[in-house]
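Notes follow the structure.
Laboratory data are not the source of any read-out in this text; all were calculated from the coordinates shown. A quick note: this is a predicted structure, and the numbers were derived from the prediction, not measured. FYI the Cβ positions are ideal-geometry reconstructions off the backbone, even for glycines, and counts take in every protein chain you see.
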Amino acid sequence: MSDKADAAKRLAAARALELVRDGMRIGLGTGSTAAHFVALLGAQVGQGLRVIAVPTSERTREQALALSIPLSTLDETPELDLTIDGADEFDPALRLIKGGGAALLREKIVAAASARMIVVTDRSKQVDTLGRFPLPVEVDRFGLESTRRHVARLAADAGCSGTVAPRRAPDGHFLVTDGGHAILDCSFGAIPDPEKLARGLNAIPGVVEHGLFIGLAKAIIVADEQGVEVIGDIA
Ligand code: 5RP
């Protein structure tokens, strides 16, 4: 990642920090942009800000623990005020692709439990049509090849073409998520009808969740060298 992109991610995270109020229940996203937010939040907690946070991955949980951010679970704290998370892509309708960091299942559960999900990102994630970033689909490891073929057929029906392939970890084995599942990366280039694809994926046995986040983000905080732009309703 370039220094400029990282600086933009930090800028977006800093703007998101302004939304945090004392006493809030906060969902903590996953990825390098969310990590900036967690770091900034940790510094505020060190200065006396009181929040309780639910992390969306083991990685984020470890970061938050190291910063002494008080943590909870959705079982203890089932409703959250605000979730701040990154995205791999967003379009003008605030639809997202997420899951580049393999945390999409917990990210979606936490976002759905939040009164507000606000996305923090750099400008490179902005697209007119979703799909340039390979869509991650989290699947049970049982019947992986069968589910992979089902996903590929469904995608073709939804107007998408391209490869559907299991993600591999650096050691060459299939990557395993925090939830113990595999990820299929769907390299479609363009997703002409994200709602149709999402509905179809939801109906496939073996698909645990997919990285299309539709109707979840209230606003996107997007930063670049020119500064910060807020798209959507941040209030
Ligand atoms: C993790 C995600 C991340 O939010 C997404 O990959 C963006 O990451 P980054 O902020 O590092 O660009 O969905 O599953």
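Just to be sure I understand: of the beta bridges DSSP finds with both ends in region 78-217, what percent are antiparallel, rounded to 5?
70
Quick one: go through region 22-58 and flag any residue whose amide nitrogen is under 14 Å from the point 7 Å out along the Cα-to-Cβ line of MET1.
29-40
Would you compute, from DSSP H runs of 4+ residues alone, the mean residue ellipticity of the chain at 222 nm, taking -39500 (n - 2.57) per run and dividing by the full residue count, rounded to the nearest 500? Before the final figure, lay out each step's value.
Values: 6 runs with 71 residues, N = 235.
-9500 deg cm²/dmol, from helical runs alone.
With labels modelled as points extended 7 Å from the Cα through the Cβ direction, what inter-label distance (nm, one decimal) is found for ASP140 paired with ASP157?
Going from the ASP140 label point to the ASP157 one covers 2.0 nm.
Can you work out the Karplus-derived ³J(HN,Hα) for every residue in region 67-79? Use 6.51 cos²θ - 1.76 cosθ + 1.60 with θ = phi - 60°, whole Hz, and x for glycine or proline.
Calculated HN-Hα couplings, in order: 9, 6, 7, x, 10, 9, 10, 6, 6, 7, 10, x, 10 Hz.
Pop out the ³J(HN,Hα) list for region 189-197 in order, Karplus 6.51 cos²θ - 1.76 cosθ + 1.60 with θ = phi - 60°, rounded to Hz; leave Gly and Pro as x.
So the J values, rounded to whole Hz, are x, 8, 10, x, 9, x, 5, 5, 4.
How big is D, in µm² s⁻¹, for region 135-206 by Stokes-Einstein at 37 °C and 0.692 mPa s if Rh is the Kirkwood radius over C-alpha pairs?
Rounded to a whole number, D works out at 265 µm²/s.
So how far apart, in nm, are the two label points at ARG50 and LEU65 if each is 7 Å from Cα heading toward Cβ?
2.5
For VAL139, what charge total do you get from the other residues with a beta carbon under 13 Å from its beta carbon, if Lys and Arg give +1 and Asp and Glu give -1?
Its environment carries a net charge of -1.
Ranked by Cβ crowding within 10 angstrom, fewest neighbours first, how are THR177, THR83 ordered?
Details: THR177 24, THR83 28.
If I rank by nearby Cβ atoms, fewest first, I get THR177, THR83.
Can you tell me the convex hull volume per residue for the chain, based on C-alpha atoms, in Å³ to the nearest whole number? Walk me through the numbers before you get to the answer.
Working: hull volume 28.8 nm³, N = 235.
Dividing the Cα hull volume of the chain by its residue count gives 122 Å³.
Using the charge dipole of the chain (Lys, Arg: +1 at Cβ; Asp, Glu: -1 at Cβ; taken about the Cα centre), state which of PRO55, THR30, GLY143 has its Cα farthest towards the positive end.
After comparing all options, I get GLY143.
Output the 0 to 90 degree angle, nearest 10, between the alpha-carbon long axis of helix 32-46 and the longest principal axis computed from the alpha carbons of the chain.
Roughly 20 degrees, rounded to the nearest 10.
Can you list the HN-Hα couplings for region 10-22, worked out from phi with the Karplus curve (6.51, -1.76, 1.60; θ = phi - 60°), rounded to whole Hz and with x for Gly and Pro?
5, 4, 4, 5, 5, 5, 5, 4, 5, 7, 7, 10, 4
Can you give me the Cα centroid spacing of region 102-137 and region 58-92 in angstrom?
Centre-to-centre distance over Cα atoms comes out at 13 Å.
What order do you get for MET24, MET117 when you list them from fewest to most C-beta neighbours inside 10 Å? Don't skip to the answer; put the middle values down first.
On the way: MET24 16, MET117 26.
Placing the least packed residue first, the sequence is MET24, MET117.
Between ASP171 and ASN202, what is the label-to-label distance in nm when each label sits 7 Å out along the Cα-to-Cβ direction?
Distance between label points: 3.6 nm.
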